[in-house]
Amino acid sequence: MLSRINKGENMKLAVGALGATAVLAAVVAGGIQVNADNRPYDGAQLQAAMADVGIAGYEGWWNSTHIDGTPAGPPEIVAVNTNTGTIVDYFNRSKAAAGQQLSAADATYDVVPDPTWPASSVVIIDTATGKTIDTFPVDEKGRVIYTHDDGTTVVGY
């Protein structure tokens, strides 16, 4: 092909291909430069946006869908904030299976605060037995506080 280009044959094809390549390279380079300036570098923008978002509920083994052959969690639970004694989440397995959207306001369970509950936490109560089946620490906004193996903590969203 080089010998044909040197002789002037297919010059339009070569120039067209070269031009298309140059245009494509310019578009890609321009797109990269535009996007480079819009990246949050430390996640601060995302953290600021989520700072005032309320907690919509908690997920755990107690309200997860079980795998066939494994036992399901309790039929109904409430999540109670130990600082306020209020129900902050509610789950009913049969209602959820029927497609109903549930909220803490749907719960009819009467909470009886227990002095053994840890402060600044959420306790998960099996409403059929009244027993605490799980607990985890939360901050003042109800966000879960996770503890790493090295003892450091991080607040989840």
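The values are calculated or read from the model by the stated rules, or taken from the named source; none is laboratory data. Small disclaimer: the values here were computed from a predicted structure and weren't measured. With ideal geometry, Cβ positions are generated from the backbone for all residues, glycine too; neighbour counts draw on all protein chains shown.
Here residue 154 clears all of (1) in a loop (DSSP other than H, G, I, E, B); (2) aliphatic (A, V, I, L, M); (3) modelled with pLDDT under 95 except the condition numbered (1). When the range 87-143 is limited to residues that are out of contact with any helix residue (DSSP H, G or I) (no Cβ under 9 Å at 6 or more places or on another chain) and acidic (Asp, Glu), the one that is surrounded by the fewest Cβ atoms within 10 Å (Cβ to Cβ) turns out to be 140. Given the structure, is residue 126 at pLDDT 95 or above, among the acidic types (Asp, Glu) and under 26 Å from residue 155 (Cα atoms)? In short, yes.
Could you tell me how many of the residues in the range 69-85 are surrounded by 12 or more Cβ atoms within 10 Å (Cβ to Cβ) and either of a type outside the set (A, V, I, L, M) or outside the structural domain of residue 106 (by TED's automatic domain parsing) (or both)? Here the count works out to 8.
For every residue, the table says whether it meets (1) more than 25 Å from the chain's Cα centre (by Cα); (2) in a loop (DSSP other than H, G, I, E, B).
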{"position": "58", "(1), (2)": "no, yes"}
{"position": "68", "(1), (2)": "yes, yes"}
{"position": "73", "(1), (2)": "no, yes"}
{"position": "80", "(1), (2)": "no, no"}
{"position": "95", "(1), (2)": "no, no"}
{"position": "99", "(1), (2)": "no, yes"}
{"position": "122", "(1), (2)": "no, no"}
{"position": "129", "(1), (2)": "yes, yes"}
